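Undergrad: Take this structure first; my questions come after.
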Amino acid sequence: MKTYIRMWTTNQIWTMALLGAALSTATLTAQQVVAPSMAQVGSPRGENTGNYNYTNSFEAGYRWSLVGGDLGEYRSDVNYRNGLRLLSSSFSIDSKDGHGHYFDQILLNTQGLGNDPYQFASLRIQKNRLYRYDLNWRSNDYFNPGLTVAGGLHRMDTVRRVQDHELTLFPQAAFRVRAGYSHNSQDGPALTTTQQFDSNSAGLPVFEDLQRRWNEFRLGADAEILGFKLTLQRRWDFYKEDTPYSSNGLVSAVGIGLANDLTVLQQFRKGAPVHGRNPGWMGNLLANHKRWAVNARMNYSRGHNDFAVNESAAGLNRFGSATSQQVLVAGNADRPVLVGDFNLSVFPTSRLTVVNNTSVSNVRIDGPSTFTDIYNGFNGGETVYFRYLGIRTVTNSTDANYRVKKWFAVYGGYRYTDRLVRSIEGFALPAFADSATSSAYETTNHLHAATVGLRFKPVKGLTASLEAEIGRADNPLTPISDKDYHTLNGRIEYRTRRLQLSSSYKQFYNINGLASYSVYASHTRNYTANASYSLKDWFSLDANYIKLHQDSVSGIAYFSGTGRSQLQNASSLFVSNVHAANLGARFAFGKRADLYVGYSITEDTGDGRATAANGVTDLSGAILAGVQTFPLTYQSPLGRLSVRISPKLRWNAGYQFYNYHEQFGLLGQYQNFHAHTGYSSVTWAF
């Protein structure tokens, strides 16, 4: 007897993704990376040659790593490997009087070129009052070993390359012309799954050679007329994906651990080309005067997408019978999108500011798409048609800020949002004449929200603020949408020349219990504390702490049971308590050496349980309990030393340790790893 869980709550999946982003942000933004060293070599003022002043330095060295445990998780989180690197470089040329012959400035900066998984380069060349050219280039190696819930069947090892070019003519003039080009590509091997040959069968792995391309061309102008600043831009976007899918020999359900499923995929081919274009306009109008200011923006695009899927499969079904299946999907659609807002600020007195904003968003998807399933040479199902989806949103808000005293101010605001969602879809049974039907659906949602707050500076250097917001929506679109919610925010900050202290608190409640098909409630609390201290030129200290609490409960529907799975209903509770702390200290030993040491730790204590199942003995209930919280610890100490050999030469060395530990693995699979990483480099200016 075997139990299958067919559906996971979407809320938990998105919560896991957002938690991962929060963990990365809390850990990486506050702590310095061990390399590059950022050591200063040469004169900060550079050297003069003719009519130009220039600076130039680069840091080259060797990076090493020793990894134990789950290599896939390490590559997904860190991914630094062994090899030579151009860790960083910096080059600048500036004309001394601002009147160079062909150019007045060249700036070139790079990081990680060679073998690093994350590489970056930027270039600027400009001639005052004539032109400015900017280039940005990035390359990121992305590795995903496959989500644990997918049993490693969704792997990805790709490289994403992004480049952006911008040319501005007459950059300091009242009228400027701009042209640009951007390119984004993703390539590499990956695994996905296909469900063959019916809805009760297993998902079997197939290979995909990922090929995605996006190109954008831009042409625009800026003008300053009678105190107004006007920007207009025309752009053309083109996207295509031509990823082929295929099976690599025989693939069986038994081979992925399903002993009682006789499904065997003998042949599989799939082509799914997607080609789209998205031309559009962008405009911005800005004006600032003594008693009023205006900022108006508009963005319109009319995307068009053509796609087709041709999938064929042959093999044995879950009962061991020979079978084949073919799926044909085709469609084309337009997606016009209009987004605009008008912001008017008035300053009746030096103490009072009133801001009114009106925003409009209209998104439509209009066009036919069809799905046809051919099973064993016969049309065994219906053909489904999708026709139209439209979402129109109008928001108006008014905010007022009044400075009662020089040290005390109050503010408040009101926001109203009206959203309309319409969709039209249809279906037909080709085996019966005149059987096509269509259905139109429409729903509206109105949100009222009010904000009140205050700011005060009781003593020099000390600033504090408090804010509260309450919102009510009558018909939220989804169970996780904002309905009856309120927020509380507070922040206090103290600054002197050498000492900076700050702390903040944010709280958010949302209760959405009136949906007919599911209930949802969430609660988050965020605490932060930051400190920075500098003692003359030889010592500085930075520290921060963040706590992120989240709990949510929602309805969940899933298929479970022995034999033929049955639809089940339950409630799902997710709890997370993330604590993240960072500490860094810098020591300068005269002009001879610099030492930096740091420590970072991120820990999610979950809901305090000792085991994943939390005492639940039912198999499906134990699996659900195992994805309701994810206690883990991630910590990383580091040290970096930079020694001055000569005014233009420094030697650098660093070490960083990574340790990732899950208290209990998802579905019993642990992804723990530890890694020793380090580098040695030379920074040289010439």
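Nothing in this text is a laboratory measurement; each read-out follows from the coordinates by a stated rule. Everything numeric in this text was worked out from a predicted model, so none of it was measured. Note: ideal-geometry Cβ built from the backbone for every residue, glycine included; neighbour counts use all protein chains shown.
Undergrad: To the nearest 0.05, what FRET efficiency results for Arg302 and Arg592 with a Förster distance of 51 Å applied to their C-beta separation?
TA: In this case the efficiency is close to 0.20.
Undergrad: Now, a different point. Please report, in debye to the nearest 20, how large the charge dipole of segment 563-686 is about its Cα centre when each Lys and Arg carries +1 at its beta carbon and each Asp and Glu carries -1 there.
TA: Using Cβ point charges on Lys, Arg, Asp and Glu, segment 563-686 gives about 960 debye.
Undergrad: What is the magnitude of the charge dipole of segment 196-354 about its Cα centre, with +1 placed on the Cβ of each Lys and Arg, -1 on the Cβ of each Asp and Glu, and no other charges, expressed in debye to the nearest 20?
TA: Computed charge dipole of segment 196-354: roughly 900 debye.
Undergrad: Multiplying the sequence separation of Leu649 and Phe319 by 0.36 nm and subtracting their Cα-Cα distance, what value in nm do you get?
TA: 111.6 nm
Undergrad: Right, another one. Which entries of Lys127/Lys240; Lys240/Lys270; Lys290/Lys460; Lys483/Lys506; Lys127/Lys229 show an alpha-carbon separation above 26 angstrom in the structure shown?
TA: Beyond 26 Å: Lys127/Lys240; Lys290/Lys460.
Undergrad: Given Cα positions, please report Rg to Rh for segment 460-619, the hydrodynamic radius being the Kirkwood one.
TA: 1.16
Undergrad: Also: Give me the net charge of Tyr670's neighbourhood, meaning all other residues with Cβ under 10 Å from the Cβ of Tyr670; Lys, Arg count +1, Asp, Glu -1.
TA: With Lys, Arg at +1 and Asp, Glu at -1, the neighbours total -3.
Undergrad: Give me the net charge of Val410's neighbourhood, meaning all other residues with Cβ under 14 Å from the Cβ of Val410; Lys, Arg count +1, Asp, Glu -1.
TA: Neighbour charge sum, excluding Val410 itself: +4.
Undergrad: Once you sort the root eigenvalues of the Cα gyration tensor of segment 279-322 as a ≥ b ≥ c, which label holds: rounded (a/c under 1.5), prolate (a/b larger than b/c) or oblate (the other case)?
TA: prolate
Undergrad: Can you tell me the mean projection area, over all orientations, of the convex hull of segment 310-362's alpha carbons? Units nm², please.
TA: 8.4
Undergrad: Moving on. Starting from 0 in steps of 20 Å, tell me what percent of the Cα-Cα pairs of the chain lands in each bin.
TA: Percent of Cα pairs in each bin: 12, 39, 40, 8, 0.
Undergrad: Based on the alpha carbon coordinates of segment 571-686, what radius of gyration and maximum Cα-Cα distance (Dmax) apply, in Å?
TA: Cα-based Rg and Dmax for segment 571-686 come out at 21.6, 70 Å.
Undergrad: Rounded to the nearest 20 debye, what is the charge dipole size of the chain about its Cα centre when +1 sits on each Lys and Arg Cβ and -1 on each Asp and Glu Cβ?
TA: Dipole magnitude for the chain comes out near 3060 debye.
Undergrad: Of all the Cα-Cα pairs you can form in segment 116-218, what percent are over 17 Å apart?
TA: Above the 17 Å cut-off, segment 116-218 has 67 percent of its Cα pairs.
Undergrad: Which whole-Hz ³J(HN,Hα) couplings does segment 231-246 yield from phi under the Karplus relation 6.51 cos²θ - 1.76 cosθ + 1.60, θ = phi - 60°, glycine and proline marked x?
TA: 10, 10, 9, 10, 9, 10, 10, 9, 10, 8, 10, 10, 7, x, 10, 7
Undergrad: Considering only the other residues whose Cβ falls under 12 Å of the Cβ of Gln172, what net charge follows from Lys and Arg at +1 and Asp and Glu at -1?
TA: Local charge sum for Gln172: +1.
Undergrad: In straight Cα distance, which aspartates and glutamates are under 20 Å from Lys457, not counting same-chain residues fewer than 8 positions off?
TA: Lys457 reaches Glu467, Glu493.
Undergrad: Suppose we keep just the alpha-carbon trace of segment 268-367; what are its Rg and Dmax in angstrom?
TA: Just the Cα atoms of segment 268-367 yield Rg and Dmax of 25.7, 83 Å.
Undergrad: Where the eigenvalues come from the Cα gyration tensor of segment 611-663, what are the semi-axes √(5λ) of the equivalent ellipsoid, largest first, in whole Å?
TA: 50, 7, 5
Undergrad: Follow-up. Going Cα to Cα from Lys96, which aspartates and glutamates come in below 15 Å? Please leave out same-chain ones fewer than 8 positions away.
TA: Counting by Cα, and skipping residues close in sequence, Lys96 has these aspartates and glutamates nearby: Glu47, Asp104.
Undergrad: What is the angle, in °, between the Cα long axis of helix 10-28 and the longest principal axis of the Cα atoms in the chain? Nearest 10 is fine, range 0 to 90.
TA: For helix 10-28, the angle is close to 20 degrees.
Undergrad: Could you pull out every one of the lysines with an alpha carbon less than 20 Å from that of Lys591, ignoring same-chain neighbours closer than 8 positions?
TA: Lys536, Lys648
Undergrad: Separate question: What is the Rg over Rh value, at two decimals, for segment 237-294, using alpha-carbon atoms and the Kirkwood definition of Rh?
TA: Using Cα coordinates only, the ratio equals 1.56.
Undergrad: Along the charge dipole of the chain, which of Leu535, Gly621, Tyr545 sits closest to the positive end, that is, farthest toward it, with unit charges on the beta carbon of Lys, Arg, Asp and Glu (+1, +1, -1, -1)?
TA: Of the candidates, Leu535 comes out farthest on the positive side.
Undergrad: Out of residues 5 or more away from Val519 or on other chains, whose amide H comes under 5 Å of its own, with H placed 1.01 Å from N in the peptide plane?
TA: The list, which skips near neighbours in sequence, is Gly555.
Undergrad: Using +1 at the C-beta of Lys and Arg and -1 at the C-beta of Asp and Glu, which of Leu477, Ser680, Asn569 has the Cα lying farthest in the positive direction of the dipole of the chain?
TA: Ser680
Undergrad: Determine the calculated [θ] at 222 nm for the chain from helices alone, applying -39500 (n - 2.57) to every DSSP H run no shorter than 4 residues and normalising by the residue count; nearest 500 deg cm²/dmol.
TA: -1500 deg cm²/dmol, from helical runs alone.
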